[in-house]
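Please treat every number below as a calculation from the coordinates, not as lab data. On a predicted model such as this, the values are computed, not experimentally measured, just so you know. A quick note on method: Cβ atoms are made from the backbone with ideal geometry, for glycine too, and the neighbour counts reach across all protein chains shown.
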Amino acid sequence: MMFDRLAGRLAALTCLLIALPAAAQNLSVDINQGVSRPLPIAVPEFATQNSVSTAAGTTAQLGAQVAEVISNDLESSGLFNPIDPLAFTTDVTFPDVTAPRYASWRTVNAQALVTGFVNANANGEITVGCYLYDVFSETTLVRQGFSTDASAWRRAAHKCADAVYSRLTGETGYFDSRVVYVSETGPATSRIKRLAIMDQDGANHRFLTNGQNLVLTPRFAPNQQTVAYLSYAQNRPRIYIYDIASGSQRLIGDFPNMSFAPRFSPDGSTLVFSQARAGNTDIYKMNVNGGNVVRLTSGPGIDTAPSYSPDGRRIVFESDRGGTQQLYVMNADGSGQQRISFGEGARYGTPVWSPRGDLIAFTKIGGGKFRIGVMRPDGSGERLLTDAWQDEGPTWSPNGRVIMFFRSRRGGGADLHSVDLTGINERRIPTPLEGSDPAWSPLRP
Amino acid sequence: MKGAFSKSLAVGLLITAAACSKNEEELPPPPPPQQPTETPAPPPTPAPSSSVSNTVVPGSIEDFKRQAGSDRVFFAYDSSSLDAEGRDTLDRQAAWLQQYSNVSITVEGHADERGTREYNLALGERRANAAATYLQQQGVPAGRITTVSYGKERPAVEGSSESAYAQNRRAVTVLSGAAAS
């Protein structure tokens, strides 16, 4: 697989690079503040030592495209303000990549500078060099290289953007990741829904199912090779697992009634899900082959939408056992069930545990609206991040700093959006058709 | 054509009612059959509506809907309780289903859009189960009944109005093995 090669090459290349001195402390981005003035950063076209053709265009063309992808990634985080290349006073030649002309970058008020190169290798691969400089202290902050098939050049660009983001924020990045979601089209009464997958920036979009069967709630396996989802194949709503590489789908578990709302355990061995029996919905878990089914909740309420904590020891879910839909946390064996949401007059659903473990994202229903919010796992510190008519179904970026969700419009239709934890940086995610039920992958290896 | 027929009938009734309220003692002669000018000439197709009912095939889906009054029952917001009207409909559905014992049914449960995806799937299941259980209690064998929930995925009516929501919170009895109509 190309991904494995990228990972392998990344490791190899990283070893070749010279260790950097301890970073200058004066250039950093505080991710926890609402950033009113994003960091001005220059991302000029990546140079090439010798422009040659590759399967994806010349290395000179790729150099321009890589810089554009990096710039878009950084801008989309809301933490960076890439400077318009039209303002640049200098080009970056191949020698400039490692010896930037700091003075000319200071004249355009760039505080940080990303340079790099795209070179073709003898085996059809490319190497993308990625450098980050502090323009005012004239220090090198990032020096990395990534080799990959030329066709996967976008991944090398995302890896570079992640390195820059990580170095300046102190957080891991999230740009080299994907999203699986439900693509929607047609009237509400006969909506056609298809599984689709794309990069987090909307590129490399691909449909996984053909729309013949209604599909809902896709969820990535931790290894990103498979997706658990609900399909109405044969008009029986049940959980299936889709293999992304092969395109094969298999039914998981054989239950007389509806089984739905699947999510993987962090180690990928277990699916937690809901099953209805005689009109009553409870939470169960089973191994990913459908065996060893264990019931975790009981009683007459609706218990659904379970999500594991990243350490696999607890599960957050929603239940209407107390009269209205609220959030509860339990141990992974079903013991110690405890309500955590208490908003007055409000209902809560679709809880999802952050990959950092520190927060739970949810949909809050109240005042005629659905809004996306977060709270700590003990229910304290509730904050709402969006305010539209109907926002639903949060999913976390791999670093736990951004939430993607879907926004329905009054009268019909839905689109994907993202918002960061400050609630300030909200964006629409481009999709070819309408979309819902996004699920963000972990960072790709 | 059926629409035009109903309209002219309604116009006639309205005129009669208006005449009655004006003067109960001096009843005018019954109005001549009204033929509103916008009504097109009767087409060559058959079917005055009175004879249509005679053409419904006994044991067909159309017959089921006529005899039961409806193929569906409705629910209040976030509720799966059957109201009196719903129970009446299900009583008639059960009577019909006992008459046609070769027909099996799927009860589809649905929710309006004011709930989250997974919750509505469970709520639709509750509604389907409420209707199915009631039909069983009225004598329809459990073996002839299956249930399925569509949550908020298959509204009967588009839109985000209260009236649309009221029609979308439903359990629909879908026949299989019914006579062709």
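Counting only other chain Cβ atoms within 10 Å of each residue's Cβ, the peptide A:183-189 averages 3.
The A:R236 and B:D91 beta-carbon pair, evaluated with R₀ = 22 Å, returns a calculated FRET efficiency of approximately 0.15.
Would you tally the net charge around A:Q212, using a Cβ to Cβ cut-off of less than 12 Å, leaving A:Q212 out, and scoring K and R as +1, D and E as -1? Result for the local shell: +2. Over the range B:61-175, all Cα pairs binned in 5 Å intervals from 0 give whole-percent P(r) values of 2, 14, 25, 25, 18, 11, 5, 1, listed from short to long. The HN-Hα couplings worked out from phi for the range A:342-356 by the Karplus form 6.51 cos²θ - 1.76 cosθ + 1.60 (θ = phi - 60°) are 9, x, 5, x, 10, 10, 10, x, 6, x, 9, 6, 5, x, 7 Hz, whole numbers, x standing for Gly and Pro. If you take all other residues with their beta carbon under 15 Å from the beta carbon of A:T226, and give Lys and Arg +1 and Asp and Glu -1, the sum is +3. Farthest towards the positive end of the charge dipole of chain A, among the residues A:V69, A:P398, A:G336, is the Cα of A:G336, using unit charges on the Cβ of Lys, Arg, Asp and Glu. Take the Cβ atoms of A:R313 and A:N292, set R0 to 22 Å, and the FRET efficiency comes out at 0.75. Between B:R66 and A:A87, the simple label model (points 7 Å from Cα in the Cβ direction) yields a spacing of 7.7 nm. In order along the range A:303-308, the phi-based Karplus estimate (6.51 cos²θ - 1.76 cosθ + 1.60, θ = phi - 60°) of 3J(HN,Hα) comes to 10, 7, 6, x, 8, 6 Hz; Gly and Pro are listed as x. Here the sum of -39500 (n - 2.57) over DSSP H runs of 4 or more residues, divided by the residues of chain A, equals -4500 deg cm²/dmol at 222 nm, to the nearest 500. Label separation (A:R339 vs A:D267): 3.4 nm, computed from points 7 Å beyond Cα along the C-beta direction. Here the scattering of chain A is modelled by Debye summation over its C-alpha atoms, one equal scatterer each and no solvent; at q = 0.06, 0.11, 0.13 Å⁻¹ the log10 of I(q)/I(0) is -0.28, -0.88, -1.15. Placing R0 at 60 angstrom, the Cβ-Cβ distance between B:A142 and A:T107 gives a FRET efficiency of 0.15 after rounding to 0.05. The H on the amide N of A:A47, modeled in the peptide plane, is under 5 Å from the matching H of A:G116, A:F117, A:V118, each at least 5 residues off or on a different chain. Taken along the Cα-to-beta-carbon direction at a fixed 7 Å, the label points for A:T324 and A:T140 span 5.9 nm. If you take all other residues with their beta carbon under 9 Å from the beta carbon of A:P377, and give Lys and Arg +1 and Asp and Glu -1, the sum is 0.
Per residue of peptide B:145-153, the mean number of Cβ atoms on other chains within 10 Å of the residue Cβ is 5. Taking chain A as a Gaussian network of alpha-carbon nodes connected by springs under 10 Å, the highest mean-square fluctuation of the residues A:F136, A:F80, A:F117 belongs to A:F136. With θ taken as phi - 60° and the Karplus curve 6.51 cos²θ - 1.76 cosθ + 1.60 applied, the whole-hertz 3J(HN,Hα) list for the range A:181-196 is 7, 9, 7, 10, 7, x, x, 4, 6, 9, 4, 9, 10, 10, 5, 9 Hz, x standing for glycine and proline. A cut-off of 5 Å between modelled amide H atoms, ignoring neighbours fewer than 5 places along the same chain, links B:S104 with B:S176.
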